[in-house]
Amino acid sequence: MPAKGEKKSTDDSMNTNVKSSQQKKEPRKPAKYGHYERTVVDYVRTATAKNVWYYRDRLSTPRGPCSLPVLRECWVNGIIDENTLVWGQGLADWLPVKNVRTLVPQIRTLEVQAATWMKKTFSLKPALNQIRKERAAQRLHTSSQVDNMY
């Protein structure tokens, strides 16, 4: 301990900082929920799954009533996404799908994600590439307008 009027050495403070940085941080553990919290989450999931849903398509036309499997099929076909407005019993107004707490995880199951990936990879990409090739062949004149700008 330093005497009265003496300064504490910086070596001591540096040693404590090195020791604390060398200690390994414990991995973060998930929160433990009690019975009440689990019951509430299960109730919300069940209510979401059993609800009758309506959605607005890209032209803002209301569609429905439909169940959760229909929403899953619409997601695979690209009709709805996270920003699509939905309404169901218990909601005051139309909300984006991403704002309805348990709806997105119930729509985007592993099967839906796999089907969406397969459809994009094996159906949409080859079709788009074919259309691009046809349109490139139809172009008779290529413009050098962009090259002449600078």
As an exercise, use a Förster radius of 30 Å and the Cβ-Cβ distance of Thr46 and Met118 to find the FRET efficiency, rounded to the nearest 0.05. 0.50
Between the DSSP loop rule and a limit of at most 11 other Cβ atoms within 10 Å, which chymotrypsin sites (Phe, Trp or Tyr not before Pro) in the range 23-123 are left? Tyr33
Using a/c under 1.5 as the rounded threshold, could you call the range 80-150 rounded, prolate or oblate? The axes a ≥ b ≥ c are square roots of the C-alpha gyration tensor eigenvalues, and prolate needs a/b larger than b/c, oblate otherwise. prolate
For the range 37-150, build the charge dipole from Cβ charges (+1 Lys, Arg; -1 Asp, Glu) around the Cα centre, then report which of His141, Trp75, Met118 sits farthest towards its positive end. His141
Can you give me the C-alpha center-to-center distance between the range 107-148 and the range 42-60, rounded to a whole angstrom? 31 Å
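For Arg38 and Val104, FRET efficiency with R0 = 22 Å and r from the beta-carbon atoms, rounded to 0.05?
On the way: r = 20 Å, r/R0 = 0.92.
It comes to 0.60.
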Filter the trypsin sites (Lys or Arg not before Pro) in the range 94-142 to those in DSSP coil with at most 13 other Cβ atoms within 10 Å of their Cβ, and list the result. Arg101, Arg139
With the crude spin-label approximation of a point 7 Å out along Cα→Cβ, what separation in nm comes out for Lys125 versus Ala31? 3.9 nm
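Rounded, prolate or oblate: which fits the range 16-150 when a ≥ b ≥ c are the square roots of the eigenvalues of the alpha-carbon gyration tensor, with rounded for a/c under 1.5 and prolate only if a/b beats b/c?
On the way: a/c = 2.65, a/b = 1.35, b/c = 1.96.
Here the range 16-150 falls in the oblate category.
By the gyration tensor of its Cα atoms, with a ≥ b ≥ c the square roots of the eigenvalues, what is the shape of the range 73-115: rounded for a/c under 1.5, prolate for a/b over b/c, or oblate? Kindly include the intermediate steps, with their values, before the conclusion.
Details: a/c = 2.66, a/b = 1.83, b/c = 1.45.
The shape class here is prolate.
Read the figures in this text as sums done on the coordinates, not as results from a lab. All figures in this text were calculated on a predicted structure; none of them were measured in a lab. FYI the Cβ positions are ideal-geometry reconstructions off the backbone, even for glycines, and counts take in every protein chain you see.
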